[in-house]
Amino acid sequence: MVNKTFNNHTLVENFLTGAKSCPEPGLHAVIFDCDGVLVDTEPLHYQAFQKVLGPLGLGHDYNRYLEHFVGFDDRDAFVQAFEEAGRELSAPSLRRLIEAKSAALAELVAQGTPTFPGVVELVKSLEHRGVAMAVASGALRHEVEAFVSSLGLNGAFRVIVGADDVKKSKPDPETYLLALDRLRAALAPERLDTPNCLAIEDTPAGIHSAKSAGLAVVGVTNSFPAAELTGADKVVGSLSDLDFQAMVTLLEARRQEQR
């Protein structure tokens, strides 16, 4: 049976800059995907990929990008593009492509990073309550850090895990497992029980990754319709429709189902 207590609240509050109160039983941490959840950057990623792939004769339209590449990290997206074309891709060439795409994305981000309704408000609300937060993303970590900074949320996330931190990208669970491990290290000696943690995702691959790591998942329909996010425990149209109490209720219902 899951231990529902979460003691030594003061330690967690000290670890979390700006926290005004302590995390309550039932919600130990929230782990956010980045692209498509915190920031509306999929169009920017698409443009950056096309800038690199187009001259190689491997460009594709945005619908194809949404159907086949959303949810992949940069590494797997390039591998997929070359495999579909029946072309070989060496490790050195892959590294150069990733670097070129990252540079192209940085140019686009410098012009501004759009977000979604309710994102900043939800993060600040959870931070105020002292809930531990992390980002588990398929983007490179320095890109995620730039996105977070552009939203004015520096310091809100105790841990950021990017594509360059893992060997296997989503839908493999490694990204979320590493985020959980690093949160535990950051919060020690506080307990961080996986059944009391929740992920927020926008893609079927991301949902599969988080669920495989043992997390409850809220799907948000920023990138895919609700019908394609059925693997999530709860689906919302916007993070404006999600709050602390809804997360606690979701986790409690999930624990009841698993008894």
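Laboratory data are not the source of any read-out in this text; all were calculated from the coordinates shown. In this text the structure is predicted, and so the values were computed from the model without any measurement. Glycine also receives a Cβ, built like all others from the backbone with ideal geometry; neighbour counts cover every protein chain displayed.
What percent does the relative contact order of the range 33-150 come to when contacts are Cα pairs within less than 8 Å and at least six residues apart? RCO, the range 33-150: 44 percent.
How much length is gained if the chain between Ser90 and Ala186 is pulled fully straight, taking 0.36 nm per residue apart and subtracting their Cα-Cα distance, in nm to one decimal?
On the way: separation 96, 0.36 × 96 = 34.56 nm, distance 3.70 nm.
Taking 0.36 nm per residue and subtracting the Cα distance, the gain is 30.9 nm.
Structural descriptor for the range 166-259: relative contact order 23 percent, calculated from alpha carbon pairs under 8 angstrom and at least 6 residues apart. Relative to the longest principal axis of the Cα atoms of the chain, helix 174-187 runs at roughly 40 degrees. Computed over the range 33-97, the alpha-carbon pair-distance distribution with 10 angstrom bins reads 20, 58, 21, 2, each value a whole percent. Here the range 223-241 is scanned for amide nitrogen atoms under 19 Å from the site 7 Å beyond the Cα of Glu121 along Cα-to-Cβ, giving 235-241. Helix 119-129 and the longest principal axis of the Cα set of the chain meet at an angle near 30°.
For GluC sites (Glu not before Pro), no site in the range 228-259 is both called loop by DSSP and has at most 11 other Cβ atoms within 10 Å.
Quick check on packing: order 120-132, 184-196 by the mean number of other C-beta atoms within 10 Å, highest mean leading. Spell out each step's value before the answer.
Values: 120-132: 18.8, 184-196: 16.1.
The peptides rank, most packed first, as 120-132, 184-196.
For His128 and Tyr62, what is the calculated FRET efficiency with R₀ set at 35 Å and r taken between the beta-carbons, to the nearest 0.05? After rounding to 0.05, the efficiency reads 0.40. Put simply, the C-alpha atoms of the range 101-259 give a gyration tensor, and the ellipsoid matching it has half-axes of 24, 18, 17 Å, longest first. On C-alpha positions alone, give me the angle between the axis of helix 244-258 and the longest principal axis of the chain, in degrees, nearest 10. Approximately 90 degrees, to the nearest ten.
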